[in-house]
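Read-outs: derived from the displayed coordinates by stated rules, not from any lab. As the structure is a prediction and not an experimental result, all values here were calculated from the model. Backbone-built Cβ (ideal geometry, glycine too); neighbour counts: all protein chains shown.
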Amino acid sequence: MPTQGPQKRLLGSLNSTSTATPHLGLATNQTGPWCLQVSIPDGLFLSLGLVSLVENVLVVIAITKNRNLHSPMYSFICCLALSDLMVSISMVLETAIILLLEAGALVTRAALVQQLDNVIDVLICGSMVSSLCFLGVIAIDRYISIFYALRYHSIVTLPRARRAIVGIWVASIFFSTLFITYYNHTAVLICLVTFFLAMLALMAILYVHMLTRAYQHAQGIAQLQKRQGSTGQGFCLKGAATLTIILGIFFLCWGPFFLHLTLIVLCPQHPTCSCIFKNFNLYLVLIIFSSIVDPLIYAFRSQELRMTLREVLLCSW
């Protein structure tokens with residue numbers, strides 16, 4: 001993984017075409033006068049990273065503090081928060097090191113910078129893989145709770161949840177190390193893209209099926225209460241909105257990054273693809289934004305978690 005100067009963002013192993021932080025303007029390298037490059041200030045990385053850091057730390061503290069939240073579902077949500085926390089810490093650490101190197105406040109050997117680059121790349125890649133895994137696991141957990149409600153507590157037990165969590169963390173670290181080590185192999189990029197598409201398909205199928213079943217249930221209740229029209233329609237709109245938010249945020253935040261990886265395989269030299277490559281930092285910002293939105297979707301909607309969080313904040317004051 002070649003290091004091309006302190007201004008190069010980490011995770012450069014998955015952005016082999018990047019040579020510097022992009023600036024708003026016209027691209028001249030293999031692109032064309034129409035290519036727009038979006039400038040992402042280092043301050044934005046720091047700000048978003050710190051917001052995500054605070055949010056996810058609060059989620060972890062609230063779930064750890066309240067024993068009523070020590071269930072498989074909240075364990076998965078806590079692990080998702082930890083994964084997002086790793087993304088935030090990695091991005092903040094990366095940006096801080098870049099700023100220190102550029103300011104001359106941190107002087108070190110190129111070999112040490114290279115090793116640090118590899119370590120943070122593994123952390124970022126591992127946290128991304130684990131985040132995607134836990135998003136899929138949360139979808140599976142909700143699916144079982146709806147379609148196998150009576151057997152849910154015998155199917156999703158704490159020991160099984162813990163084994164699944166340990167397996168995901170071990171696999172994430174192992175495969176992220178493998179990905180960063182062999183980043184210049186096409187097979188690695190294909191595996192990452194396939195993994196993303198599999199998670200997207202899994203979440204879409206499960207959530208659409210859950211929405212369909214819940215809507216049918218609401219229709220049955222409405223028929224019994226002689227109010228089929230208003231109740232069913234209202235529930236349908238609310239469920240569709242929730243589904244759109246979950247899948248929309250997932251696709252919009254993660255899709256551009258994996259599109260970037262796909263185009264590296266399909267058209268590494270094409271001018272249009274080269275233009276997309278130059279906005280790599282923008283795709284990282286979207287992933288950080290996902291780590292900010294995840295607690296709002298999966299954690300803070302819980303009334304008990306919000307009450308616990310309020311107690312934690314009041315006690316801290």
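Quick notes
- Distance between segment 88-158 and segment 275-317 - C-alpha centres, whole angstrom: 13
- Residue-span extension gain [Ile245 to Leu100] - 0.36 nm each, minus C-alpha spacing: 48.4 nm
- A cut-off under 13 angstrom between Cβ atoms defines the neighbours of Leu85, and their net charge, with Lys, Arg +1 and Asp, Glu -1, is -3.
- Whole-Hz Karplus values for segment 253-269 come out as 7, 9, x, x, 4, 6, 5, 4, 5, 4, 6, 4, 7, 7, 8, x, 10 Hz, taken residue by residue from phi with 6.51 cos²θ - 1.76 cosθ + 1.60 and θ = phi - 60°; glycine and proline positions read x.
- Amide H contacts of Cys35: Ala27, each under 5 Å away and 5 or more positions distant or on a separate chain (H built 1.01 Å from N in the peptide plane; Pro and chain starts excluded).
- A prolate overall shape is assigned to segment 84-212, the ratio a/c of its alpha-carbon gyration tensor axes (a ≥ b ≥ c) being 1.5 or greater and a/b exceeding b/c.
- For trypsin sites (Lys or Arg not before Pro), the sites in segment 266-317 that DSSP calls loop and that have at most 13 other Cβ atoms within 10 Å are Arg301.
- Burial ranking of peptide ranges 149-160, 62-73 (average Cβ count within 10 Å, highest at the top): 62-73, 149-160
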